[in-house]
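Derivation of every value follows stated rules applied to the coordinates shown; laboratory data play no part. All values derive from a computational prediction rather than experimental measurement.
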Amino acid sequence: MRYQITGKQIDIGKALQEHVKSELGVVVDKYAERPTDAVIIFSKHAHEYVCEATVHLSTGLTAQAKAHANDIYGSFDKCSQKMEKQLRRYKRRLKDHHKDRQQPVELSAASSYILAAPEETEESEPKSLQPMVIAEMETKIPLITVGEAVMQLELAGAPVFVFRNEGNDGVNVVYRRDDGNIGWIDPSNTA
C-alpha cells in the first residue's frame, strides 16, 4: 500500500510516519483485501491536532475518517479507531464485492466546481442568476453497482454520492434523506 503522510503547516517526523504506516497497515489488512493507497493529513486547529485519513480500496471504495485530540499521536489513534470501526462494520460486504469484481473499478473523469454562496442582501432579487465559480477541480466518477454506491456513501460519511450505474451505464445519485433513509436517483428509469 502506498502512503502519503503530510502536515498542513506542521512538521511530520519520521517516527510519526512509521507509527502511521504500521498501525494503519494492520487495521486495513485485517478488514480489507488489496488496499491501494492511503492519504493521511495532519493539521492543527486551535490547541488540537486534527488527523484526516482516506484509504482507497481495490474494490473502488474509499473509507474516510477524521479525529482530533490534544496531541498528534492521539489524533491519529482516534482516527485509526474510527477507520477500523467503519471497515469492521462493512467487512463482509467489502469482501463480497471484492470477490465479484475481477478488475479494479473503472473511473471516468469529470469536472467539479465550487460556487460562491449567495450574498445576503436586503434586495429581493439577485443582480445575476449566474453563480460565481470560486474553484474548478477534476473528480472521478466510478462505475459501480447501487449497493456499492450506498456503501461508499456510508463509508465516506457524505450526504450525496454520484456514480455510473453498472446496470445501465447511466449517471445515478444516492443521497441521505432527512428521515435517515437513502434516496436513489436513476434518470434512465423515467417513464
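Cross-link pairs exceeding 25 Å in C-alpha to C-alpha distance, out of Lys14/Lys66; Lys14/Lys140; Lys8/Lys78; Lys14/Lys91, comprise Lys14/Lys140; Lys14/Lys91. Using every pair of distinct Cα positions in segment 30-94, the Kirkwood expression returns a hydrodynamic radius of 12.2 angstrom. Any chance you could check the Cα centroid distance between segment 149-191 and segment 130-146 for me, in angstrom? That distance is 15 Å. Based on alpha-carbon atoms, the Kirkwood radius and the radius of gyration of segment 105-189 give Rg/Rh equal to 1.08. A cut-off of 5 Å between modelled amide H atoms, ignoring neighbours fewer than 5 places along the same chain, links Ile182 with Arg177.
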